[in-house]
Structure formats: C-alpha cells, structure tokens
Amino acid sequence: MPNQSKIKTKLNRQWQTWISRRLPAREQITLSHKSIFILPTGFGLAWLILLVILFLFGTNYQNNLVMGLSFLLLSIFNTCIIYSYKNLAGLTLSSCKANITVAGQPIYFPINLSCATSAYEVQLNFQNQPLEVVNKVNEHQTQVLVTYNKTHRGINYPGRVKVETRYPLGLFRAWSHIDLAQAQLVYAEPIIDPNPLYLNSEQIADQQETGKYVTGIDEYKGLKEYALGESLKQVAWKQWAQGRGMLTKEFEEPQGAPMWLRLEANPDNIELALSHLAWHTEQLSTKRQVFGLKMGGSTIQPSHGEQHRNKVQSQLALYPNPNLNPSSKPRPKHAPKADQ
C-alpha cells in the first residue's frame, strides 16, 4: 500500500507538470486541438463491441443486412468523434472576480463562456466539486457559477477546472483541464466572543458609545433638508444653484477614543482568536464605531466604513503573512499572454 501511494503521488506530480507546460494558466483560454482530449465512454465501448459482434455475425452467415448495419454503426461512431471535438473547439472561457466569503462557506467562481458557433451540454467543475451544466453556449457571453466547497481562511486556489461534453450521443467524452488563474481571499469565520472588548483607562466608560460618530465639525457626512433656524453657513449653495433646493451640509466626529482590536501574543487557539476578532470587526462596523487593529508587527490605524472593514478582515484572513497581496493569482513564468 505505501508503494502504491508513492507511485500515485509521483504520477500525479508528473501529470501536473506535463499539463502545466501544455496548458499554462491564463485568465482567458480558447479551446483548440492542443487542449482537447477525447476518449470513448463506457457506452461508446459497448457500442464498438456491438458493431464488432454484428460484423462477425454477418460475415459468418453471409448476411449483407447485418454487415450493412455494422458499417452504419461504425460510421456513426466515427462521426461522433468529430462532433464531440467540434462541440468544444472554439469555446472561450474567461475568469471573473468572485464575491468574498468566510471560511466554511462555498466560493462561487464566475466563468464566462462564449463560442463563435454553438456548444451544447457543456459541463464544468473543479476537482471533486459539484458539477455545473450549461445546455447551450453561443456567441453571446454566458456566465456560470462554478462551486468550490473546500474553503479555508486566506487565499484559496481552486486549481484547474474541467470542461467536458458528451454531445451528441454520449459515445465519446471530450474534455479539457484548464487553469484560469483563479484565486479568492476568504475571511476568517466570525465566531461570537463571550468576552467583551476592554477599554483603555483614557476611554469613556460606555463601550457601546465610544468610537461612534456623532454630530460635529471634523468630517463631512452628507446633505439633508434645510430646517428653519439652521445657520446659513452650512447651506449647500452649489446644490441650491443647481435647483436641488435648500440643503444643509452635515458633519460628524468620533465620540471618545477609538476601539482597538488586539491579537494575543501566543493564543491557545489561533484560529478561534482570529474568528473572535473577525466577529468584533463585524459588530463594530455595523455600529459605525471607529476602531483599529494591532496584530503582530502590523497596525491598522483607527477608521470606519466598508473599506476599513475589508482592510481589517483581509489582515485577519492573511495572518501570519498580512503583507501578502490578496489579489495575487498563480501565474507560471512560462505562461504566454496570447490565447490558445
């Protein structure tokens, strides 16, 4: 058994090396004779055995009708090779950015398909992942969401996507394993932390209010309807000149000192600690409280808003290497830029 495992690992490594050289990673790929493989299906092999039996039966009994039937089945068998190949040839696939999710939740990678002619019954899936079927692809771009379930915190690489068809009669299986250079950042799974965040001594006593934005003069918030008695200095005269009516500029400022999220030096369970910080990040962002993050040797200065939330969650997801580029994608050095 150990020897079989080593042989299997070695063969898989050699296969990956060969296919990476033949089909390098690209964000857009057009299938051609170089990237399409064809083999008979189980039904196709049964079909071939049947026509051989019919041919032997016809020659043995000198039955022209049976021999003619065997030749007809052989011609259909050969024709399906061409149609199976043509069904994938010219099919263009390109990758798109997937929506960010959390660990344990599936990623749905969008893949755009188009074909100058028409392709039927095209199947797509990552290795050991659910199958997605597109009944028809034409010159108009069609987008399909291919599922990847094996998600973990950090950057996830789904690997090669298998494109397969058994059109028209299921006698042959034409397929390709292509790498669309897809990668997706997955946030840490938010888990409720039973322990509240402790405030520093210089912060106000009410944790629920510290860092929240209240009416002030520091930051521009937006426009609101003018109320009688408000200072004319706050009126948005530019919008008034545009005929949008009397509007007042609103400003805000944070109340008290900002909140700080910190990762302990040597937590007992690093993944649980990161999940607790991810949960606090979501809670503070929902309440529009100002907060920062101190983790290892990196610090994210206090702020608020969706962009700040994504920045903090990205740092937590990429720990212990927060400087890694979340948008990086695996792209071999030998990968040409032109389409196949």
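Using a Förster radius of 30 Å, what is the FRET efficiency between Lys97 and Glu282 based on their Cβ-Cβ separation? Nearest 0.05, please. Walk me through the numbers before you get to the answer.
Working: r = 22 Å, r/R0 = 0.73.
E between Lys97 and Glu282, to the nearest 0.05, is 0.85.
At what distance in nm do the modelled label points of Lys34 and Gln62 sit from each other, each positioned 7 Å from its Cα along Cα→Cβ?
Here the modelled spin labels are 5.5 nm apart.
Using only the alpha-carbon atoms of the stretch 45-102, report the extent along each of the three principal axes, biggest first, to the nearest angstrom.
Principal extents (Cα only, largest first): 68, 27, 10 Å.
Let me check something: with ligands and nucleic acids excluded, how do Glu164, Glu264, Glu27 order by accessible area (1.4 Å probe), largest to smallest? Each step should come with its number before you reach the end.
On the way: Glu164 10, Glu264 130, Glu27 90 Å².
Output order, biggest surface exposure first: Glu264, Glu27, Glu164.
For the stretch 289-300, in order, what is each residue's ³J(HN,Hα) by Karplus, 6.51 cos²θ - 1.76 cosθ + 1.60 with θ = phi - 60°, in whole Hz (x at glycine and Pro)?
Here the 3J(HN,Hα) series is 8, 7, 8, x, 9, 10, 8, x, x, 10, 9, 10 Hz.
Please list 3J(HN,Hα) in residue order for the stretch 98-112, calculated via the Karplus relation 6.51 cos²θ - 1.76 cosθ + 1.60 where θ = phi - 60°; whole Hz, with x for glycine and proline.
Each residue of the stretch 98-112 in turn: 8, 6, 6, 10, 10, 4, x, 9, x, 9, 10, 7, x, 10, 8 Hz.
With every protein chain kept in the model, how would you rank Leu272, Leu113 by accessible area, 1.4 Å probe, largest at the top?
On the way: Leu272 70, Leu113 0 Å².
In descending accessible area the options line up as Leu272, Leu113.
Give the carbon-plus-sulfur fraction of the accessible surface of the stretch 61-127 in %, rounded to a whole number; probe 1.4 Å, heavy atoms of protein chains only.
Values: 1990 of 3440 Å².
Carbon-and-sulfur percentage of accessible area, whole number: 58.
How large is the accessible surface of Lys97 in square angstrom, using a 1.4 angstrom probe and rounding to the nearest 10?
150
Under 5 Å between amide H atoms, partner at least 5 residues away or on a different chain: which partners does Arg173 have, H built in plane at 1.01 Å?
Leu39, Thr41
Given the whole protein assembly as supplied and a 1.4 Å probe, what does the accessible area of Ile49 come to in Å², nearest 10?
100
Which of the residue pairs Lys34/Lys136; Lys136/Lys162; Lys97/Lys150; Lys10/Lys150; Lys8/Lys97 have a Cα-Cα distance greater than 27 Å in the structure shown?
Values: Lys34/Lys136 23 Å; Lys136/Lys162 17 Å; Lys97/Lys150 18 Å; Lys10/Lys150 24 Å; Lys8/Lys97 34 Å.
With Cα atoms farther than 27 Å apart: Lys8/Lys97.
Scan around Val186 for amide H atoms under 5 Å from its own, H built in the peptide plane at 1.01 Å from N, and keep only partners 5 or more places away or cross-chain.
Correct list: Gly154, Ile155, Asn156.
In whole Hz, what ³J(HN,Hα) sequence does the stretch 35-51 give by Karplus (6.51, -1.76, 1.60; θ = phi - 60°), x for Gly and Pro?
3J(HN,Hα) across the stretch 35-51, in whole Hz: 10, 10, 10, 9, 8, x, 7, x, 5, x, 5, 4, 4, 5, 5, 4, 5.
The values are calculated or read from the model by the stated rules, or taken from the named source; none is laboratory data. Note that the coordinates shown come from a computational prediction; the quantities given were computed from them, not determined experimentally. Counting neighbours? That spans all protein chains shown, and the Cβs are built from the backbone with ideal geometry, glycine included. Each accessible area value is taken on the protein alone, full model and side chains, heavy atoms only, with ligands, DNA and RNA left out. Shrake-Rupley method; radii C 1.70, N 1.55, O 1.52, S 1.80 Å.
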